[in-house]
Amino acid sequence: MTTRERFLRTLRFQPVDRVPLMEIALWGQTQERWEREGMPAGVATGLMMGSDYFGLEGYDALDMSLGPMPPFEATMLKEDEHEELFIDGWGRTRRALKDGTVRGTRLSMDQYLAFAVHDRRSFEDMRQRYAGDVSLRHPAQWDAIVARLKASDKPVTLLNPLAGTFGYYSMLRNWIGTEPLSYLFYDDPGLVHDCLDCLTDFARRLLDRAVRAVRFDFYIIHEDMAGKGGPLMGPRLFREFLAPHYRQLVGFLRTHGTDLILVDTDGDFAALIPEFLEAGVDGFCPMEVAAGMDPVAMRQRYGKAFCMLGGVDKREIAKGRTAIDRQIAEVIVPLIAEGGYIPTIDHSIPPDVSYTDFRYYLDRKRQALGV
């Protein structure tokens, strides 16, 4: 089987010669540690796109720009040796910790202080930045990229998961911010509906040329809309605001041949699973175990209602061989036997995972998958 056939058949719960050997990505700090511990310099950190060095299968992707166009003027407001305060191209004011930053990866998340959209007037400005010629967002080497994707034996996805794909909550968060958006659902629901109408129109215009040129195997809706304590919006709000637009986007993609629709969100999103499924979603990743998204428990509860990628507890991989063996035996082996599951570490791999332990984990996973 090709990687593409293996990927699609696995996530459709169909028989395969073996489950794909895939992984996710590394922190910059992890890459630096592993290079000190023996990994050659220059190994790509985006393991989900495949890695010749580690023998990993991956995806092919068509990337396009999702940010405001023109972007907001990036402005450094204040900077010292430890912190920087700046406005980014999305018009967001951010405070960032410089200490411990490695290869663009910060040790802590930035603090977001202000956002571009805060009322109808500012939304109209943002709307104009998404109303222009979408061809300007397409890659310059369009014909060559399309030809490569058509010939690929890897699963092909629309937009690059490493660069961030289109999702409704994630785009609202980028425009408005998590806390202001939480209030806006109640204070000005009409404005939220208008933002979502704008986003659906933009997504269809942006993706139309691509889906007519290439048959994409899957699409990852990037949301990151939950924390350890649960989702950042409840089922009622999801049904009222997001579900109609999910159905439009999913319908548009399926009409043009996209086979699998996945949602990428961290945290505990269990309360929203029925809503996602009702809206047409086929599966989820990365199934963050630390937040309670145990893939074995999810399979016991939902059966084969959805497929999964992820679910290997990164905290356990950092504990060494005994814990790794337990993850293989208790998570990977039973789930791959049932189908609909591709095991990967449940988020970007942090620097407390040693190079030696990661290599041991990969070797044990190869044995379990029959690679």
Does the stretch 36-45 contain any residue that is polar (S, T, N, Q), at pLDDT 95 or above and assigned by TED's automatic domain parsing to the domain that holds D352? no
Here are I345, I336: which of them is in contact with a strand residue (DSSP E or B) (Cβ under 6 Å, 6 or more places away or on another chain) and surrounded by 17 or more Cβ atoms within 10 Å (Cβ to Cβ)? I345
Only listed residue being aliphatic (A, V, I, L, M), crowded, with 17+ Cβ neighbours inside 10 Å and touching a residue at least 40 places away in the same chain (Cβ under 8 Å), chosen from L181, L206: L206
Need the failing condition index for H138 against (1) closer than 26 Å to T2 by Cα; (2) surrounded by fewer than 19 Cβ atoms within 10 Å (Cβ to Cβ); (3) touching a helix residue (DSSP H, G or I) at 6+ places or on another chain (Cβ under 8 Å), just the number. (1)
Report yes if some residue within the stretch 68-79 is within 23 Å of D264 (Cβ to Cβ) and modelled with pLDDT under 95; otherwise report no. no
Can you tell me which residues in the stretch 273-288 are aliphatic (A, V, I, L, M), crowded, with 20+ Cβ neighbours inside 10 Å and over 16 Å from the mean Cα position of the chain (by Cα)? I273, A279
Determine which member of the set V214, V146 is over 22 Å from R92 (Cα atoms), surrounded by 17 or more Cβ atoms within 10 Å (Cβ to Cβ) and among the aliphatic types (A, V, I, L, M). V214
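Can L21 be described as touching a residue at least 40 places away in the same chain (Cβ under 8 Å), within 25 Å of R173 (Cα to Cα) and assigned by TED's automatic domain parsing to the domain that holds G339?
No; evaluated as a whole, the condition is false for this residue.
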Mind telling me which of the residues A140, A147 ends up being hydrophobic (A, V, I, L, M, F, W, C), farther than 28 Å from T265 by Cβ and at pLDDT below 95? A140
Do the conditions hold for R315, that is, is it surrounded by fewer than 19 Cβ atoms within 10 Å (Cβ to Cβ) and over 26 Å from L8 (Cα atoms)? yes
Residue hits (the stretch 67-95; part of a strand (DSSP E or B) and among the aliphatic types (A, V, I, L, M)) are M76, L77, L85, I87
Number of positions in the stretch 119-160 that are part of a helix (DSSP H, G or I), in contact (Cβ under 8 Å) with a residue 60 or more places away in the chain and charged (D, E, K, R): 6
Any residue that is under 27 Å from D52 (Cα atoms), touching a helix residue (DSSP H, G or I) at 6+ places or on another chain (Cβ under 8 Å) and among the aromatic types (F, W, Y) - is there at least one of those in the stretch 272-283? no
State the number of residues belonging to the stretch 96-112 that are part of a strand (DSSP E or B) and either surrounded by 13 or more Cβ atoms within 10 Å (Cβ to Cβ) or over 24 Å from the mean Cα position of the chain (by Cα) (or both). 5
Just to be sure, is Y53 under 29 Å from I317 (Cβ atoms) and in contact with a helix residue (DSSP H, G or I) (Cβ under 8 Å, 6 or more places away or on another chain)? no
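Among the residues of the stretch 48-66, which ones are of a type in the set (G, A, S), within 16 Å of the chain's Cα centre (by Cα) and either within 16 Å of G164 (Cα to Cα) or surrounded by fewer than 18 Cβ atoms within 10 Å (Cβ to Cβ) (or both)?
A61, S65
Yes or no: the stretch 251-259 includes at least one residue that is buried (at least 18 other Cβ atoms within 10 Å of the Cβ), more than 15 Å from G292 (Cα to Cα), in contact with a Phe, Trp or Tyr (Cβ under 6 Å, 6 or more places away or on another chain) and β-branched (V, I, T).
yes
The values are calculated or read from the model by the stated rules, or taken from the named source; none is laboratory data. From a predicted model like this one, the values you see are computed outputs, not experimental measurements. Every residue, glycine among them, receives a Cβ derived from its backbone with ideal geometry; neighbour counts consider all protein chains shown.
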